[in-house]
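Below is one structure, written out as structure tokens, with a few remarks after it.
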């Protein structure tokens, strides 16, 4: 593929100094990044594309995140380009008709406009038929809102500029469908979890929260890419030696701890993220070389601390009042990702979908007559969801995470309702 642009040595040096080196990128990663930029005509110096590097338990990973404006810049250089997408937000009270087969919509603002429903975008082409897309607002807002997905409920751009964000999603979709932009993904589409991506790379431009955890197929959290699909498990207490503890701050000024420990059994070094304020405060007092019993869980290929204890021989030496206070603090904040609910659910409807993060299912049902929405994510949960039929009564183990219910297991399949 012929390169669209070519950087000078001075520009390459500037890209290295501003974007690659601060993220601890390698020369090979820099060459790859420059190759992608030159091939598609994306200029990181103009904000078209962002270099990201983060640590996982499988080692360092890199990804290149394109902005909406970057995709549009690429489209302008394509044969057949006749102008930018025509896009707008659709709200309750609007008159709206979506005509995908005609590549068109009919949209008229209502006199009283309510909540955001979604957004559409239409992209014309000199040689091809026009393409129209519509994206659902609730799906992206629930996955990316800082108020819904952030541990501290911190608002992000999806909360402050929701109309602009959903329109960007629609524009991105239609640009990719009308022009050959495969392999280029925006922050909004992959739902990067800021608390994860900034652990090692430091602050970067504000990508969308995804928590995955709160993501319908994921954040949310944490990052919605294949090698980081949410697969959360809780470890038993393990005896570890403290090698270091740092307090860092995310790009939204949310503090978190990075605990480096060494397993006493196999001498393996592990990095564990600490989100709870009470645990961060307690770990400040623990010196290097101290042995701790740690319970931690895995989420998005990162380890997160749930609880820690001093070995018995050390615990006996603590002041009893201090011990009681520490245990009380450790129990202050329940972890949302444990199996904490078992309910009998009457299944009403199961819908299957797919996002960049993978397949998911929405299970509509009732618990004691109250309507609920349960999300199935991951291969095992999806297989269980496929076995549900309308009207069936099933006993389910559920996680409640960031206000959402997630399917963990089927405890019992009861007789059909009615």
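The values are calculated or read from the model by the stated rules, or taken from the named source; none is laboratory data. Please read all numbers here as calculations on a predicted model, not as lab measurements. Backbone-built Cβ (ideal geometry, glycine too); neighbour counts: all protein chains shown.
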Matching residues in the stretch 276-294 - criterion: being surrounded by fewer than 18 Cβ atoms within 10 Å (Cβ to Cβ), at negative phi and in a loop (DSSP other than H, G, I, E, B): 284, 285, 286, 287, 288, 290
Filtered residues of the stretch 401-410 (kept if surrounded by 15 or more Cβ atoms within 10 Å (Cβ to Cβ) and more than 11 Å from residue 376 (Cβ to Cβ)): 401, 402, 404
Residue tally, condition closer than 17 Å to residue 47 by Cβ and part of a loop (DSSP other than H, G, I, E, B), over the stretch 58-68: 1
Some residue of the stretch 104-118 being surrounded by 13 or more Cβ atoms within 10 Å (Cβ to Cβ), under 29 Å from residue 77 (Cβ atoms) and outside the structural domain of residue 255 (by TED's automatic domain parsing): yes
Tally of residues being within 19 Å of residue 11 (Cα to Cα) and out of contact with any strand residue (DSSP E or B) (no Cβ under 9 Å at 6 or more places or on another chain) across the stretch 46-72: 2
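From the list 138, 121, 155, pick out the single residue that is at pLDDT 90 or above and within 16 Å of the chain's Cα centre (by Cα).
138
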Identity of the residue in the stretch 69-90, assigned to a loop (DSSP other than H, G, I, E, B) and modelled with pLDDT under 85, that ends up surrounded by the most Cβ atoms within 10 Å (Cβ to Cβ): 78
